[in-house]
Amino acid sequence: MTVPETLHHIPRRPWRWLPWLLLSQLAVVLAWWGLGWAIGLPLMVASHALFMVPVFLPNSRFYAPVLSQLPEPAEQVWLTIDDGPSAETPAVLDLLDRYQAKATFFMVGERAAARPERVRQVLARGHDLGNHSHSHPQTRFWRLGPATMADEIAQCQQALADIAGSPPRWYRSVVGMTNPFVAPALQQWGLTRVGWSARGFDGVDCQPQQVINRIVADLRPGAIILLHEGAAHGHNLAIIEGVLQAIQARGLRAVLPTS
C-alpha cells in the first residue's frame, strides 16, 4: 500500500495543552471569586472533565495526533495485533500466511525481551512491529507521570530495536489511553500513535462470534482493525481466523502501510 508521508503524525507541539490548562484554571478562579461557588464549582468540574475525558478516548487527538483510518485506502485494511509476543504467536503467523495477510504486531517490551525468537519470526514472515509499552500497566497507564511514561515507551523502543535491529515507527497506548505525557515521548522517538476504526473487545473475556460481528460491522476499505493475541480466554486464534475470513469474503486485503 502506498500512502502519503502525512501518514506519520509525530507530535510537533507535545505541550500545546498546557497553556489551555492554565487559562482554564485561571478562569475558574476568577469566576469563583467574582460570581461565587454556585458558578465556580460547576465551572471547575467542567474544566477538569475537559482535560480528563480525552485520556480515555482511544482516537482523541486532544493530547497527541492519532492515525485511526488509512487515507485513500482502495480495497485494503491494516490488521494490528496487540499484547504479544506470546505462546500463540507462531499459530497467529500460520493463520496470516494461510490467508496471505500481513499485520503489525504491537508488542510489549518485557514480553519481547523474554521471547526474542518470536519477534524475529514475526519479522522473518514479513510483518511489522509497533511499541505497546514496556510492561503493559493496564490499570494505571492512564495516570502515569512524565518520567514513568517516558520510561515505558523508551524501554519498549529499545527492547524492540535491540532484537529487530531498527526501532519501530508505530506506537499504540495501553487500552488506547493517552494522557498528557505520551506526546513528548512520541516526539523524542519519532513515533506515530495508531488508534483503530474496527474493534471487537477481544482482549477481555468474550464470545468469539460476537467479537467477529462487532469488527465486521466496521470492516471497510481503510479500516484499522484491533486484535489481540495470548488473552487468558483462549479465543484469540478463532477470532483472528474469523476476521481474516471476513476480510477475504469482502474482497479486501490486509497489508502493511508504507511511506
Kindly establish whether residue 166 is hydroxyl-bearing (Ser, Thr, Tyr) and over 16 Å from the mean Cα position of the chain (by Cα). yes
Among the residues of the stretch 44-83, which ones are among the hydroxyl-bearing types (Ser, Thr, Tyr) and either touching a helix residue (DSSP H, G or I) at 6+ places or on another chain (Cβ under 7 Å) or not in a loop (DSSP other than H, G, I, E, B) (or both)? 47, 60, 63, 80
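From the list 217, 254, which residue is within 12 Å of residue 78 (Cβ to Cβ) and at pLDDT 95 or above? Working first, answer last.
Values: 217 fails: within 12 Å of residue 78 (Cβ to Cβ).
The unique qualifying residue is 254.
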Just the residues that are surrounded by 21 or more Cβ atoms within 10 Å (Cβ to Cβ) and over 14 Å from residue 98 (Cα atoms), please, taken from the stretch 235-251. 236, 239
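Which one is farthest from residue 110 (Cα to Cα), of the residues in the stretch 171-184 that are assigned to a loop (DSSP other than H, G, I, E, B) and open to solvent by 10 Å² or more (accessible area, probe 1.4 Å)?
Residues of the stretch 171-184 that are assigned to a loop (DSSP other than H, G, I, E, B), as a first pass: 172-173, 177-181.
If we keep only those that are open to solvent by 10 Å² or more (accessible area, probe 1.4 Å) too, we end up with 177, 180-181.
Numbers: 177: 19, 180: 24, 181: 21 Å.
Once the filter is applied, the top-ranked residue is 180.
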Considering only the stretch 157-170, state which residues are closer than 19 Å to residue 103 by Cα and surrounded by 15 or more Cβ atoms within 10 Å (Cβ to Cβ). 157, 160, 161, 163, 164, 167, 168, 169, 170
Consider only pairs whose beta carbons are under 6 Å apart and that are at least six residues apart or on different chains; among these, list those whose first residue lies in the stretch 100-111 and is closer than 13 Å to residue 254 by Cβ and open to solvent by 10 Å² or more (accessible area, probe 1.4 Å) and whose second residue is assigned to a loop (DSSP other than H, G, I, E, B) and not small (Gly, Ala, Ser). 102/127; 102/255; 102/256
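Considering only residues that are among the hydrophobic types (A, V, I, L, M, F, W, C) and either in a helix (DSSP H, G or I) or without any contact (Cβ under 8 Å) to a residue 60 or more places away in the chain (or both), look in the stretch 199-229 and name the one that is farthest from residue 84 (Cα to Cα). Break it down stepwise before answering.
Looking only at the stretch 199-229, we keep the residues that are among the hydrophobic types (A, V, I, L, M, F, W, C), and these are 201, 204, 206, 211-212, 215-217, 219, 223-227.
Subsequent filtering for residues that are either in a helix (DSSP H, G or I) or without any contact (Cβ under 8 Å) to a residue 60 or more places away in the chain (or both) retains 201, 204, 206, 211-212, 215-217.
Values: 201: 16, 204: 15, 206: 19, 211: 19, 212: 20, 215: 20, 216: 23, 217: 25 Å.
My answer is 217.
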Picking from 95, 30, 22, 26, the residue that is open to solvent by less than 80 Å² (accessible area, probe 1.4 Å) and outside any loop (DSSP other than H, G, I, E, B) would be 95
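Pick from the stretch 185-198 the residues that are assigned to a helix (DSSP H, G or I) and either open to solvent by less than 30 Å² (accessible area, probe 1.4 Å) or of a type in the set (D, E, K, R) (or both): which of them is farthest from residue 82 (Cα to Cα)? Full working, then the answer.
Taking the stretch 185-198 and keeping what is assigned to a helix (DSSP H, G or I), we get 185-189.
Going one step further and asking which of them are either open to solvent by less than 30 Å² (accessible area, probe 1.4 Å) or of a type in the set (D, E, K, R) (or both), we end up with 185-186.
Values: 185: 20, 186: 18 Å.
Among those that are assigned to a helix (DSSP H, G or I) and either open to solvent by less than 30 Å² (accessible area, probe 1.4 Å) or of a type in the set (D, E, K, R) (or both), it is 185.
In the stretch 1-11, how many are at pLDDT 90 or above and either open to solvent by 50 Å² or more (accessible area, probe 1.4 Å) or farther than 30 Å from residue 75 by Cα (or both)?
Of the stretch 1-11, the ones at pLDDT 90 or above are 10-11.
From what's left, either open to solvent by 50 Å² or more (accessible area, probe 1.4 Å) or farther than 30 Å from residue 75 by Cα (or both): 10.
The qualifying residues number 1.
Assess whether residue 232 counts as being over 30 Å from residue 49 (Cβ atoms) and either without any contact (Cβ under 8 Å) to a residue 40 or more places away in the chain or open to solvent by less than 10 Å² (accessible area, probe 1.4 Å) (or both).
Numbers: over 30 Å from residue 49 (Cβ atoms): yes; either without any contact (Cβ under 8 Å) to a residue 40 or more places away in the chain or open to solvent by less than 10 Å² (accessible area, probe 1.4 Å) (or both): yes.
The answer is yes for residue 232.
The values are calculated or read from the model by the stated rules, or taken from the named source; none is laboratory data. Keep in mind that what you see is a predicted model, and the values were worked out from it rather than measured. All Cβ positions, even for glycine, are placed from backbone atoms using ideal geometry, and neighbour counts span all protein chains on display. For the accessible areas, the whole protein counts, side chains as well, though only heavy atoms, and no ligand, DNA or RNA atoms are used. Shrake-Rupley method; radii C 1.70, N 1.55, O 1.52, S 1.80 Å.
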